[in-house]
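Everything on this sheet refers to the single structure shown next.
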Amino acid sequence: AVERSRVALILVDATVGFTEQDSKVAGYAHDQGKACIIVVNKWDAVEGKETNTMELQRKGYAECFSFMGYAPIIFISAQTGYNVNKLMQLIRDVDAQNGARVPTGVLNEMLARATARMQPPSDKGRRLKIYYMTQVGIRPPHFVVFCNDKKLFHFSYRRYLENQIRSVFGLEGTPIIMTVRQKGEEDS
């Protein structure tokens with residue numbers, strides 16, 4: 001079912017909480033590059049709710065699903081209909097994000113601003129130079145970054161650029177694939 005889907009809903013029972021099975025399904029959807037939404041159902045059945053219970057629970061679920069921090073979390077009740085319409089709109093939004101295309105020129109303007117804000121890393125006097133970035137695929141959005149030396153492209157800088165792409169282009173509900181290539185290299 002996950003392979004055939006465009007948006008995976010990771011359904012969590014609010015009365016039970018996070019389980020290992022939830023983690024396995026979410027991991028599989030994430031590995032498949034699917035847009036995901038964490039849906040906490042049976043919110044109406046949760047006992048002892050107070051003013052900030054939902055926010056505390058949201059933080060807890062965000063921690064449990066930390067490997068897919070891009071996935072929005074929504075609380076619903078299928079029985080009472082609470083937030084079901086909101087969920088349907090969220091599915092449409094996340095699907096659109098997963099299929100979004102960003103023109104190369106606009107992407108490189110964002111890249112120039114991002115590298116000016118935070119300099120690329122250097123090692124032993126050699127600084128990472130990023131020549132340009134382009135999008136090569138959708139579902140999930142796949143970007144290729146061309147640079148002088150991919151060994152200098154540190155994981156933290158990759159995460160920084162992914163976060164910039166998410167915030168500037170509104171790709172907050174979808175995984176992003178980023179491939180790094182260096183000059184003269186065909187595929188990696």
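Descriptive notes on the structure:
- Rounded to the nearest 10 square angstrom, Leu9 shows an accessible area of 80 square angstrom against a 1.4 Å probe.
- Split the chain at each of the GluC sites (Glu not before Pro) in a DSSP loop with at most 11 other beta carbon atoms within 10 Å, and the longest piece is 51-184.
- Globularity ratio of the chain, using Cα Rg and 2.2 N^0.38 Å: 1.19
- Seen against the Cα atoms of the chain and their longest principal axis, helix 53-64 is set at about 50 degrees.
- Taking only Cα atoms of the range 53-147, radius of gyration then Dmax in Å: 19.0, 62
- Ordered by 1.4 Å accessible area with all protein chains kept, Asp95, Asp44 run largest first as Asp44, Asp95.
- Of Lys129/Lys183; Lys24/Lys151; Lys34/Lys151; Lys150/Lys183, those spanning more than 20 Å from alpha-carbon to alpha-carbon: Lys24/Lys151; Lys34/Lys151
- Nearest 10 degrees, 0 to 90: helix 104-117 Cα axis against the chain principal axis: 90 degrees
- Between the range 65-118 and the range 125-184, the C-alpha centres lie 18 angstrom from each other.
- Potential extension, Val46-Arg6 segment - 0.36 nm per residue separation minus Cα distance: 11.4 nm
- Loop sites in the range 1-66: chymotrypsin sites (Phe, Trp or Tyr not before Pro), DSSP, at most 10 other Cβ within 10 Å: none
- Within the chain, antiparallel bridges make up roughly 35 percent of the DSSP beta bridges whose residues both belong there.
- Counting every C-alpha pair in the range 1-103, the share spaced more than 15 angstrom apart comes to 63%.
- Sparse packing (at most 16 other Cβ atoms within 10 Å of the Cβ) combined with a DSSP loop state is found for the following trypsin sites (Lys or Arg not before Pro) in the range 96-188: Arg101, Lys124, Lys129, Lys183.
The values are calculated or read from the model by the stated rules, or taken from the named source; none is laboratory data. Note that the structure is a prediction, hence the values are computed from the model and not measured. Neighbour counts are summed over all protein chains in view; Cβ atoms, including those assigned to glycine, are modelled from backbone coordinates with ideal geometry. Each accessible area value is taken on the protein alone, full model and side chains, heavy atoms only, with ligands, DNA and RNA left out. Shrake-Rupley method; radii C 1.70, N 1.55, O 1.52, S 1.80 Å.
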